[in-house]
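Chemist: My structure is below; once you've seen it, I'll send some questions.
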Amino acid sequence: MSLSPAPLGDAAIGPGVALAIASGLALLGYAWVGLLRLGPADADAALSPPRRSVPPMALAWTAQFVALFIDISGFGLQTPGARFGFAPALSMTTWLVLTVYLVESRFLPLHSVRRVLAWLAAAAVLLAWAFPGESRPLAASPWAPLHWVLGLVSYGLFGVAVLHAALMNRAEARLRHKQPTPGGLPLLQLERLTFNFVAAGVGVLSLAIVLGWWFTPAWKWDHKNLLAVLGWLVLTGLLVGRRVYGWRGRRATRWLYAGAALLLLSYAGSRFVLEVILQRGGGVA
């Protein structure tokens, strides 16, 4: 498939150009951050993000939001309704993770993941540009958009939890080998933040599942719903295990990775199969 969004008629020419410009700016900004090396002056600034990366990261973050708004809102299209798909879902997830990172990096030394996040975000933007969302029919219930929004927010929260879990595993490994953690990364604070995000994600996902079941005319146990419920069970089991049995470390993060993977397969995975492999679009997300 071409990297340029497919034209959707004369009314979509303007939004198509705007989407290309916003996506291009986001790619340039993230590539700039990904290629920047951490200098000595930046490495010593433990409580502030690297100064050279702030403007391009902020530009890329803003441009990615604009691209998502143009794509998902169906701005400029003659057919009413939103557009969505697996690639915009992944792009929105990375944007939400970056939002939390930009806030937290003001207070925690998270510079070690800056370049990785930039390249992941660039890949998500490129993927969303190559596979723009497909038109969705108007929802049968006015609560359906809230269900979709809550599902996306839960994706972002679990993405942030996975990021903190990876940092926590790295810090634990360095401590076991008696190596200093980069920037004095606070292990206990990372652990607390990880499970706070997991708890918030489970709460939002629970509400999203309930709304989806309650306001969907014909609830089906398809792959998407089954994987979503399985992911919810795994992540809820993680919280119960931590509360009752005191799960920590690698056992806890394995449960987190498994639950997050199930949720990723739930929507993004099922939509990827339909849109790319089977070449079938449409339907309600």
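The values are calculated or read from the model by the stated rules, or taken from the named source; none is laboratory data. In this text, all values refer to a predicted model and were calculated from it rather than measured experimentally. Counting neighbours? That spans all protein chains shown, and the Cβs are built from the backbone with ideal geometry, glycine included. Protein only, heavy atoms only, side chains kept; ligands, DNA and RNA dropped before computing areas. Shrake-Rupley method; radii C 1.70, N 1.55, O 1.52, S 1.80 Å.
Chemist: Name the residues in region 111-133 that are open to solvent by less than 30 Å² (accessible area, probe 1.4 Å) and under 14 Å from residue 164 (Cα atoms), would you?
Modeler: Answer for region 111-133, where residues must be open to solvent by less than 30 Å² (accessible area, probe 1.4 Å) and under 14 Å from residue 164 (Cα atoms): 111, 113, 114, 117.
Chemist: Also, I was wondering about something else. Of the residues that make up region 237-252, is at least one in a loop (DSSP other than H, G, I, E, B), of a type in the set (A, V, I, L, M, F, W, C) and touching a strand residue (DSSP E or B) at 6+ places or on another chain (Cβ under 6 Å)?
Modeler: Step one: filter region 237-252 for residues in a loop (DSSP other than H, G, I, E, B), giving 246-248.
Remaining after also requiring of a type in the set (A, V, I, L, M, F, W, C): 247.
Next, only the ones that are touching a strand residue (DSSP E or B) at 6+ places or on another chain (Cβ under 6 Å) stay: none.
No, because not a single residue in region 237-252 is in a loop (DSSP other than H, G, I, E, B), of a type in the set (A, V, I, L, M, F, W, C) and touching a strand residue (DSSP E or B) at 6+ places or on another chain (Cβ under 6 Å).
Chemist: Can you find a residue that is free of Cβ contacts under 8 Å to residues at least 60 places away in the same chain and farther than 30 Å from residue 175 by Cα anywhere in region 241-262?
Modeler: yes
Chemist: Okay, moving on. Within region 202-226, count every residue that is in a helix (DSSP H, G or I) and over 21 Å from residue 251 (Cα atoms).
Modeler: Within region 202-226, residues that are in a helix (DSSP H, G or I) and over 21 Å from residue 251 (Cα atoms) number 17.
Chemist: In region 72-110, which residues are at pLDDT below 85, assigned to a helix (DSSP H, G or I) and either open to solvent by less than 20 Å² (accessible area, probe 1.4 Å) or closer than 30 Å to residue 196 by Cβ (or both)?
Modeler: Quick first cut of region 72-110, residues at pLDDT below 85 only: 72-84, 105-110.
Filter again for assigned to a helix (DSSP H, G or I), leaving 72-73.
Scanning region 72-110 gives a single hit, 72.
Chemist: Keeping to region 215-242, report how many residues are touching a Phe, Trp or Tyr at 6+ places or on another chain (Cβ under 8 Å) and either at pLDDT 90 or above or more than 22 Å from residue 271 (Cα to Cα) (or both).
Modeler: Residues flagged as touching a Phe, Trp or Tyr at 6+ places or on another chain (Cβ under 8 Å) and either at pLDDT 90 or above or more than 22 Å from residue 271 (Cα to Cα) (or both) within region 215-242 amount to 8.
Chemist: Quick check on my filter: what residues within region 130-181 are among the hydrophobic types (A, V, I, L, M, F, W, C), at pLDDT below 85 and under 24 Å from residue 84 (Cα atoms)?
Modeler: 138, 139, 140, 143, 144, 146, 148
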